[in-house]
Amino acid sequence: MQFYSGDLIETISYKGQIVYGIVLESVVRFHYTELRILSCSRIIAIVHDGNKGGVKLIQRGNNEERITRKTI
C-alpha cells in the first residue's frame, strides 16, 4: 500500500493505544515504507513492513492541491 502526504491513517502505539495521524512524508526503502506522521502536535516516524494490521488508511483526499516548499 502506498501512502501520500495528507492521508489520514490509524496505527497502534507501543503502549497499545490507537494513534491517528496525518502523513507528512512517505519513503520506500528496500521492502519497508518509512512514514513521518503528525500526531498530537508531534512528528512521529513509523516503519511499515506491509502487514495489513500495522497501519490502516482512514481517508485519502481526492484532487487536493498541496502547498509545497519553494526555494527562492
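Here, each number is a calculation from the coordinates, and none is a lab measurement. In this text the structure is predicted, and so the values were computed from the model without any measurement. Backbone-built Cβ (ideal geometry, glycine too); neighbour counts: all protein chains shown.
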- Each label point is 7 Å from the Cα along the Cα-to-Cβ direction; what then is the distance between the points at Y20 and Y32, in nm? 2.8 nm
- Item | Amide H partners (placed H, <5 Å) of I12, local residues excluded | V19
- ³J(HN,Hα) across region 33-47 via Karplus (A = 6.51, B = -1.76, C = 1.60, θ = phi - 60°), whole Hz, x for Gly/Pro? 10, 9, 10, 10, 10, 9, 9, 6, 6, 10, 9, 10, 9, 10, 9
